[in-house]
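Data first, discussion second: the structure below is written as structure tokens.
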Amino acid sequence: QIVVVATRNMGKVREFRHALAPFGKEVHSLHEYPDAPEVVEDGNTFAANAFKKAKEIGDFLNLPVLGDDSGLCVDLLDGAPGIFSARYAGEHGDDSANNAKLLDELMRLRQGDDTEQPLLSAARFVCALALYDPATGRSLESEGEVEGWITSETAGVGGFGYDPLFYVPQFERTMAELSVEEKQSISHRGVALERLIAKLG
Ligand code: ITT
């Protein structure tokens, strides 16, 4: 049975495939539907954008669709980049430019601090999910978060996005150093998906 996720982000797709395979679900992304429209992410919240992705693609395909809107909120940056995480450095989805900009901003703010503290700021990843069914016009929604720290140096090659800079205290490693299973067990997306599945009953 197929689950359509309204995303072009292969990092997200990999995680959904891994999480849903045990339920016998095959995950399709928008790479399988090249004619699907571009969804303009102009909502003010993760939840609003997740719903928009699910509804616009669900109505277009006439199939139930899962939308994921997620991002990184950094305390020292008053919650930025937040809903703008994918295009923080300008170009959409340029992970290494986004990471470089995040480090630049934090280093600038920390200038004058003479501590050798490698953890630059507390931060959290947030994920909002919406599962929209065009047959009923209804949607199920959930949200998940994970708390961590932005480190001064990238580490690890797993995951995607800001994972190499996001230090997870429970594991004493960055998100990019975790296996897919480990990441899923604590991540914003893993938590949000668990909550959505619980709502599905
Ligand atoms: P779609 O809209 O096609 O799903 P996107 O990458 O544009 O793909 P978002 O608008 O939700 O998706 O932006 C999410 C950004 O937040 C993503 O590009 C990463 O920079 C960051 N992000 C989200 N989840 C992450 C995770 O698990 N690990 C690292 N970074 C993450």
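Read-outs: derived from the displayed coordinates by stated rules, not from any lab. In this text, all values refer to a predicted model and were calculated from it rather than measured experimentally. Every residue, glycine as well, gets a Cβ built from its backbone with ideal geometry; the counts of neighbours run over all protein chains shown.
Structural remarks
- Ascending count of other beta-carbon atoms within 10 Å, so fewest first, for PHE51, PHE84, PHE46: PHE84, PHE51, PHE46
- 13 Å beta-carbon shell around TYR88, net charge (K/R +1, D/E -1): -3
- Once Rg and the Kirkwood radius are both taken over the C-alpha atoms of region 78-123, their ratio Rg/Rh works out to 1.01.
- Around LEU196: net Lys/Arg minus Asp/Glu count, Cβ-Cβ under 11 Å: -1
- Taking the chain as a Gaussian network of alpha-carbon nodes connected by springs under 10 Å, the highest mean-square fluctuation of the residues GLY144, GLY71, GLY156 belongs to GLY156.
- Environment charge of ALA50, counting only residues whose C-beta is closer than 10 Å and scoring Lys/Arg +1, Asp/Glu -1: -2
- The amide H of VAL27, built 1.01 Å from its N in the peptide plane, has VAL3 as neighbours under 5 Å, considering only residues 5 or more places off or on other chains.
- Magnitude of the charge dipole for region 2-200, about its Cα centre and with charges confined to Cβ atoms of Lys, Arg (+1) and Asp, Glu (-1), is about 580 debye.
- Modelled FRET efficiency - R0 41 Å, ASN44 with ALA155, Cβ distances, 0.05 increments: 0.80
- The C-alpha radius of gyration of region 38-132, expressed as a fraction of 2.2 N^0.38 Å, stands at 1.31.
- Evaluating kT/(6 pi eta Rh) at 10 °C and 1.306 mPa s, with the Kirkwood radius of the chain over Cα pairs in the Stokes-Einstein relation, gives 92 µm² s⁻¹.
- Region 122-201: C-alpha gyration tensor shape, a/c 1.5 cut-off, then a/b vs b/c: prolate
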